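> Mind looking over this structure? Questions follow.
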Amino acid sequence: MRSFRLLAPALIALAAFAAPKAASAQSFTDTQRGDIEAIVKNYLVSHPEVLEEAMNELSKRQAAAEEQKHQESIAKNGDTIFNSPRGVVLGNKDGDVTFVEFFDYNCGYCKRAMADMLDLLKNDAKLKFVLKEFPVLGEGSMQAAQVAAAARMQDKTGKKYLEFHLKLLGGRGQADKARALAVAKEVGFDVGRIEKDMASDEVKAQIEESFKLAEALGLNGTPSYVVGSEVVIGAVGLSSLKEKINTARCGKAAC
């Protein structure tokens, strides 16, 4: 009866408020408190739907508070989220909606969500797509992100980076420095320069920027997305992502 224990103090306080002023909650004896608890418990056992209604309302309020927090964080950090020069920009650089993905090269859900990204890039000509390294799954992920960040420094267009990204994220096995460098070499990057740039302040700043944004937004896993003024956690599927994009688009113009 954990839910009852959580609700009982509040209901006792309510009973005290409804009682004569002389009988405050603090003046209840142990026997009186026990009687009230028994009444409340019996009522909840007879009407268990009250617990469900209360928990549903709690969930709604928590979700609304979380959404408000996300919107405030996006408003505060919007320029860095959507326009940082350290993000990899794909699609329409002047798009009417910016779609930001935080990912990890060793994230299985990110691998499955890669098809969603490709579909959006192919079929939505008005979409600006930004990729942000967010290596949260261990040392191999951090190494792969460092290689990727260094590769970005050689490719201002993002085209070669995208080829690298798809091969590394879509490949089998653990992503780490050795595997990321092999993929970088395969797609034509200067691997010697990458190994040098991996230790640069720019690579460090890019990854630190992603972690600071993730903390501000309350992200704790991958993939996570920012679409307009909304944060989306997890691989929610293509149809859901399209809905988020349409909502962001409708927020800028009549639909």
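> When a/c reaches 1.5 or more, the comparison of a/b and b/c decides; with that in mind, is the range 100-214 rounded, prolate or oblate per its Cα gyration tensor?
Values: a/c = 1.34, a/b = 1.31, b/c = 1.03.
Here the range 100-214 falls in the rounded category.
> Mind giving me the FRET efficiency for LYS242 and GLU195? R0 is 51 Å, r the Cβ-Cβ distance, nearest 0.05 is fine. List each step's numbers first, then the result.
Details: r = 40 Å, r/R0 = 0.78.
Between LYS242 and GLU195 the formula returns 0.80.
> Still on this structure: Just to check I understand the Karplus step: with θ = phi - 60° and J = 6.51 cos²θ - 1.76 cosθ + 1.60, what whole-Hz values come out for the range 74-83, glycine and proline as x?
Here the 3J(HN,Hα) series is 5, 4, 6, 10, x, 5, 6, 4, 9, 10 Hz.
> Now, a different point. What does the accessible area per residue of the range 109-195 come to in Å², with a 1.4 Å probe and no ligands, DNA or RNA counted?
Here the per-residue accessible area is 47 Å².
> Also, quick follow-up: How much length is gained if the chain between ALA205 and GLU230 is pulled fully straight, taking 0.36 nm per residue apart and subtracting their Cα-Cα distance, in nm to one decimal?
Computed gain between ALA205 and GLU230 is 6.5 nm.
> Moving to a separate point now. Can you tell me how much longer the chain between LYS69 and GLN154 gets when fully stretched, taken as 0.36 nm per residue apart minus their C-alpha distance, in nm with one decimal?
Once the chain is fully extended between LYS69 and GLN154, it gains 27.0 nm.
> Measure up LYS204/LYS244; LYS167/LYS212; LYS126/LYS242; LYS132/LYS212 against 21 Å on the Cα-Cα distance and list the ones that go over.
Details: LYS204/LYS244 31 Å; LYS167/LYS212 27 Å; LYS126/LYS242 12 Å; LYS132/LYS212 12 Å.
Beyond 21 Å: LYS204/LYS244; LYS167/LYS212.
> Give the lysines whose C-alpha is closer than 29 Å to that of LYS41, dropping any in the same chain fewer than 8 places away, or say none.
LYS21, LYS60
> Right, here's the next one. So which trypsin sites (Lys or Arg not before Pro) in the range 88-146 are both in a DSSP loop and have at most 13 other Cβ atoms within 10 Å of their Cβ?
Working: sites: LYS93, LYS111, ARG112, LYS122, LYS126, LYS128, LYS132; in loops: LYS93, LYS126.
When the trypsin sites (Lys or Arg not before Pro) of the range 88-146 are filtered for loop state and at most 13 Cβ neighbours within 10 Å, LYS93, LYS126 remain.
The values are calculated or read from the model by the stated rules, or taken from the named source; none is laboratory data. Just so we're clear, the structure is a prediction, and the values are computed from it rather than from any experiment. All Cβ positions, even for glycine, are placed from backbone atoms using ideal geometry, and neighbour counts span all protein chains on display. With ligands, DNA and RNA removed, areas are computed over all heavy atoms of the protein, side chains included. Shrake-Rupley method; radii C 1.70, N 1.55, O 1.52, S 1.80 Å.
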